[in-house]
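Take a look at the structure set out below.
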Amino acid sequence: MWLKPEEVLLKNALKLWVTETSNDYFVLQRRRGYGEGGGGLTGLLVGTLDTVLDSTAKVAPFRILHQTPDSQVYWSVACGATKEEISQHWEWLQQNVMRTLSVFDSSEDITSFVQGKIRGLIAEEGKASLVLEDDPEKFREALLRFEKWFGLPEKEKLVTYYSCSYWRGRVPCQGWLYLSTNFLSFYSYLLGAEVKFIISWAEIWKLEKTTNVILAESIHVVAHGEDHYFSMFLHLHETFLLMEQLADYAIKRLFDKETFQGDPALGDPLQITKRGLETRARNEQFRAFFRLPREENLLEVYEGFLWVPFSHFNTLGKICVSEGYLCFASQDGSQCYVIIPVREVVSVEKPDSSSRAVTVCVRGKRALRFSEVRDYERLANGIRRRCGAVASPQHVAGGEVSGEACQALIEHFEDNPEEVTLMVGQKSSGQAVSTEALMTVFHPQDAENLDPKMLKEKMKEQSWNIHFAEYGRGTSMFRTKKTRDLIVRGVPEALRGELWLLFSGAVNDMATHPGYYSELVEQSLGTSTLATDEIERDLHRSLPDHPAFQSDTGISALRRVLTAYAYRNPKIGYCQAMNILTSVLLLYAKEEEAFWLLVAVCERMLPDYFNRRIIGALVDQAVFEELIRDQLSQLTEHMTDMTFFSSVSLSWFLTLFISVLPIESAVNVVDCFFYDGIKAILQLGLAVLDYNMDHLLSCRDDAEAVTILNKFFDSVTNKDSPLPPTVQQAPVGNNDRTSHAKVDIIDLIREAYEKYGDIRSEDVESMRRRNKLYVIQTLEDTTKQNVLRVVSQEVKFSAAHLEDLYALFKRQHFLSCYWTMNSPVLLHHDPSLAYLEQYQLGQRQFRTLFSLLAPWTHCANQDDLSLWAFRLLDENQDGLVNFKEFCCGLDVLSSGSFTDKLKFIFKLHLPPAVPQMCLWVMD
């Protein structure tokens, strides 16, 4: 391997290197302890040193140095893992460089020519290898070791590597951890003891950061029932995040191939790099925090101050810029953040260069002033370029826009009427399917009603109007602790739809996709699929007692929203619980708004919830169990079987408590969910268990505990709800009213925030990633057991051998999905199929396994035999063979009778179009 020329001092390395051959300009050396006479104490010491130290010259056993007769300085130009490799480099230098060097007069010119030649070779290799790393020299060295030590296929892409310690019991082994697209690999060589192993990302059950008495901080990996601990990383947090991402992408391959089809950087392993993974993680975190559309990527980050008009001070924070949004989040713990869509920006000003300030004027006569921004001119120019805004001639200060700026705004809209259309979005399109929020139709507000509940409702509305006046209204509203306090107190009926759209981010999706919902409704009209059949079956089961869904108005709107979403996202299609959630959305939002709220819930806020295996809900239940162990240890000690909490809380997560609470109380929970995400549901779940702690501790079995919780939910009320009895609902499935003490939903939510509000959203996301591995591996293990149980009845293999075959078969399926973008395996993989059909092999992957397991491994016609066997086992001629078919073919070859083997061989050699009569003769 050619190396970037670096200076080498030979006097410090005489005891470690032996000169094999040399000439006037180059020296070929072998490291002591390698090759002939490489054993003994010298070999052990040098091997240990090579493992611990990170240097090209001290790792590769062979190297070539450049020298000149007039200089005492040597330059490393090549290294090699074998004598053959370094000899090829030496011969190339002799034939292509030595003849040219004689024409130079000075040693400086000779060295300059050699260095330029070597750098040119490295540049050409870099273009072909697609290695895009910060330090290509060290990465090429690591790639050499990776390929030499582990012998993985050439297509396996090394992403990055780290020096660390691996703990064997209480003894650390210093070595190297390699992270590639499919595997986690480790190598160590200390005092003659070699430690080497490879773990597939798809086989990892647990990945977490942990601490104990011996290790201050380490990474814990569980695979195949074995624990592996890695520590002493220079950048442990960075390493852990990359490992999380690679493991997550690997397991997604098991059930979500669509995720990769639209993202070549993940679908093609040659495009996966450390830098790319870090960028992707940063973008995902950015979108999740600000609830932005999935098309947005973080482009720039600035540090500066934002003038907060309601507090009359500047708050320090991060200014995050994407293609369509300008976002700010404070760093002082005040939880103040604001989102400014570029489409809302009217003008951008740089009023004062001394304060390095930028003022952004938005619609609604508001302005936001950022100061002490280091590169404020770049920020201002970037926003102008994205929105097409120009600086107005007037200086804008404070929170109001000057009269001249307002006039400029009016003139701007007169000159650009299309922006008005974009602003109103759905109002100019989709009138054929647009409806009012169902609650306004079936329970219109009476402004003259002096009922105490209505008066309290008006007081809530007034509180929000005051909040809007101080903090702004719409997409660029300041979100602070006071906003959350108002949410906890309950959102007024009249504002619920507007605020759900705002806090979920659905308002941005809708504004940037005008007419999209109407097109979906038109395209999906009259379609007949499994999803539409299931939707029709469940339409009348959605809040059946609510008057809005006892009429064709509500049922038709529900049908259109669910059918349009199933058409938009066939991967999800329709799943149970979507109808209940959508029904509540339609009560408070217009039809198109309800559709975009459903998109936000299914695709951003509750990922992987609504699919056949409800993986997302199972993951959040595992997070819930972890929080119960941390926060309610007394309950955990009493109920040792944690599966109870999973069984009882599944409906809480899938329906956001709508299925267990009366509708007038459940909507308060939905308020909190749209503001705080899944964190609000977890907090409320903990508060429910805490409230019933004494009763649950006295339970003798799970059935009694379920009864207690059901009675509790029946007793939850909303004393401030202005809804009449005809609209208020009993919780679904709990019609047995009891005399249990009443609990107000607002008090329950307030208690949840007071006791468990310190749970951070970042910690919840970390727990989600950690538990996702365990949940999916548990599902995969269940699938495996089902497959083995069925196949064992058809073949004579032992249980252990059958399990080994399954592991080989599944790994080959998995690798084919990574290494072959358009393989039949990847294109036909469907987790919703029966478990026997989930993992299949194409002809190429089948040939690999057949060569390992068939008795004709070394015959000349091996490839032809594997092809014939594949065609024989592929009964439906779809180009794929499943595990059962594969095992049945092997079973005949390994343990079948002489007659069965003869029949198999005869069929194997028949052409595909052979008359069936020949087979009858054999039978």
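The values are calculated or read from the model by the stated rules, or taken from the named source; none is laboratory data. Since the model is a prediction, treat every value here as computed from it, not as a measurement. Every residue, glycine as well, gets a Cβ built from its backbone with ideal geometry; the counts of neighbours run over all protein chains shown. For accessibility, only protein heavy atoms count, side chains too; no ligands or nucleic acids. Shrake-Rupley method; radii C 1.70, N 1.55, O 1.52, S 1.80 Å.
Here Glu498 meets the list (1) in contact with a helix residue (DSSP H, G or I) (Cβ under 9 Å, 6 or more places away or on another chain); (2) of a type in the set (Asp, Glu); (3) farther than 30 Å from Ser311 by Cβ almost entirely, failing just condition (3). Just to check your reading of the model, which residue among Ile628, Ile681, Ile614 is over 30 Å from Ala531 (Cα atoms) and touching a Leu at 6+ places or on another chain (Cβ under 8 Å)? Answer to the check: Ile628.
Evaluate the following for Leu152: is it touching a residue at least 24 places away in the same chain (Cβ under 8 Å) and part of a loop (DSSP other than H, G, I, E, B)? Spell out the reasoning first.
Working: touching a residue at least 24 places away in the same chain (Cβ under 8 Å): yes; part of a loop (DSSP other than H, G, I, E, B): yes.
Answer is yes for this residue.
Selection within the stretch 608-628: residues that are within 15 Å of Arg770 (Cα to Cα) and free of Cβ contacts under 8 Å to residues at least 60 places away in the same chain. The member of this set that is surrounded by the fewest Cβ atoms within 10 Å (Cβ to Cβ) is Glu625.
Can you pull out the residues in the stretch 60-84 that are modelled with pLDDT of 85 or more and charged (D, E, K, R)? Result: Arg63, Lys83, Glu84. Of Arg484, Arg496, all but one fail to be open to solvent by less than 10 Å² (accessible area, probe 1.4 Å), among the basic types (Lys, Arg) and within 20 Å of Met605 (Cβ to Cβ); the exception is Arg496.
Identify all residues within the stretch 533-544 that are at negative phi and surrounded by 21 or more Cβ atoms within 10 Å (Cβ to Cβ); write none if there are none. So that I can check it myself, show each step before the final result.
First, pick out the residues of the stretch 533-544 that are at negative phi: 533-542, 544.
Selection gives Ile535, Ser542.
As for the stretch 464-475, it holds at least one residue that is farther than 30 Å from Ile572 by Cβ, in contact (Cβ under 8 Å) with a residue 60 or more places away in the chain and either aromatic (Phe, Trp, Tyr) or buried (at least 20 other Cβ atoms within 10 Å of the Cβ) (or both). Could you list, in sequence order, all residues of the stretch 584-607 that are buried (at least 21 other Cβ atoms within 10 Å of the Cβ) and in a loop (DSSP other than H, G, I, E, B)? Correct list: Ala589, Lys590, Leu606. The set of residues from the stretch 312-361 being closer than 18 Å to Arg473 by Cα, among the hydroxyl-bearing types (Ser, Thr, Tyr) and open to solvent by 50 Å² or more (accessible area, probe 1.4 Å) is empty.
How about the stretch 271-291: which of its residues are among the β-branched types (Val, Ile, Thr) and over 23 Å from Ile319 (Cβ atoms)? Scanning the stretch 271-291 gives Ile272, Thr273.
Can you confirm whether Glu194 is of a type outside the set (Lys, Arg) and exposed (fewer than 15 other Cβ atoms within 10 Å of the Cβ)?
Details: of a type outside the set (Lys, Arg): yes; exposed (fewer than 15 other Cβ atoms within 10 Å of the Cβ): yes.
Judged against the criteria, Glu194 is a match.
Set side by side, the residues Leu562, Leu530 differ, and just one is within 31 Å of the chain's Cα centre (by Cα), buried (at least 22 other Cβ atoms within 10 Å of the Cβ) and either of a type outside the set (S, T, N, Q) or on the phi > 0 side of the Ramachandran plot (or both), which is Leu562.
Within the stretch 770-814, which residues are open to solvent by less than 60 Å² (accessible area, probe 1.4 Å) and not in a helix (DSSP H, G or I)? Within the stretch 770-814, Ser792, Val795, Phe797, Ser798 meet the criteria.
A search for C-beta distances below 9 Å between a residue of the stretch 639-651 that is over 20 Å from Leu661 (Cα atoms) and modelled with pLDDT under 85 and any residue that is in a helix (DSSP H, G or I) and among the β-branched types (Val, Ile, Thr), counting only pairs 6+ apart in sequence or on different chains, returns Met642/Ile628; Met642/Thr636.
Are there helices (runs of 4 or more DSSP H) fully within the stretch 631-720 with at least 2 residues that are among the small types (Gly, Ala, Ser) and open to solvent by 20 Å² or more (accessible area, probe 1.4 Å)? List them. Spell out the reasoning first.
Numbers: elements: 633-638, 643-655, 663-676, 678-691, 693-697, 702-715.
Once the helices (runs of 4 or more DSSP H) in the stretch 631-720 are filtered for at least 2 residues that are among the small types (Gly, Ala, Ser) and open to solvent by 20 Å² or more (accessible area, probe 1.4 Å), what remains is 643-655.
The number of residues in the stretch 612-630 that are part of a helix (DSSP H, G or I) and either under 16 Å from the mean Cα position of the chain (by Cα) or not acidic (Asp, Glu) (or both) comes to 13.
Take Ser185 and decide whether it is open to solvent by 20 Å² or more (accessible area, probe 1.4 Å), part of a strand (DSSP E or B) and among the small types (Gly, Ala, Ser). I'd like the intermediate steps shown before the answer.
On the way: open to solvent by 20 Å² or more (accessible area, probe 1.4 Å): no; part of a strand (DSSP E or B): yes; among the small types (Gly, Ala, Ser): yes.
Answer is no for this residue.
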